[in-house]
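J.: Got a structure here, written out as structure tokens. Questions coming.
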Amino acid sequence: MTLLNLEYVPTDQQALHAFFRSVAKLHPKRDQIQFICIGSDRSSGDSFGPLVGTMLQQRGWRVTGTLKQPCDAHGVEPAIAALDQDRIIIAVDACLGKSVGQYIMKDKPLQPGQAIGRRLPPVGHYSVAGVVNEAGPKPYWKLQTTSLYLVLQMANKVVHAVSEAWQPLDSSQLNQLEGVIIDDEC
């Protein structure tokens, strides 16, 4: 299955909700889903993933990568190896870009560490990257000086979208999703 209009495009909260509703329609059972939330608790900008992970874990989701046990650049490879490959993996990470405060959602794996020039293995069936600050010549500095308030607000929006997406949908909500999902075999 392919999600339309949601790949590689920085998007707002409405598109974030549509993205997660589309994933939930394809994979409605919460116990099939696992999040890997990449980042560090030692950098405001890079804390986006662990903040999302902590909030999702508090709501009963299966999560790798929280503020208590971050999945940072040094721990991402063993964390990926430990993931249950029978589950649908949704990867979450911070990124730098032009559209600060927006999200880049894909129905493809996330490439962690790209903003800082790290070569790490791709992860996830689906991915969400939060654009926490502008891209620039010193990515570590950009991540260190990112507004924690902005990151926290962005994390809250992701968690709200996830929570809303896996709520039981009524028929009018299902009809709204019909135009978002297509079958690759057509």
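The values are calculated or read from the model by the stated rules, or taken from the named source; none is laboratory data. This is a predicted model, so every value here is computed, not measured. Quick reminder, even Gly has a Cβ in these numbers, built from the backbone with ideal geometry, and neighbours come from all protein chains shown.
J.: Restricted to the stretch 122-138, and to residues that are part of a loop (DSSP other than H, G, I, E, B) and modelled with pLDDT of 90 or more, which residue is farthest from residue 23 (Cα to Cα)?
T.: Only one residue tops the list, namely 122.
J.: Hey, another quick one. Considering only the stretch 151-186, state which residues are at pLDDT 95 or above, of a type in the set (A, V, I, L, M, F, W, C) and surrounded by fewer than 18 Cβ atoms within 10 Å (Cβ to Cβ).
T.: Passing the criteria: only 152.
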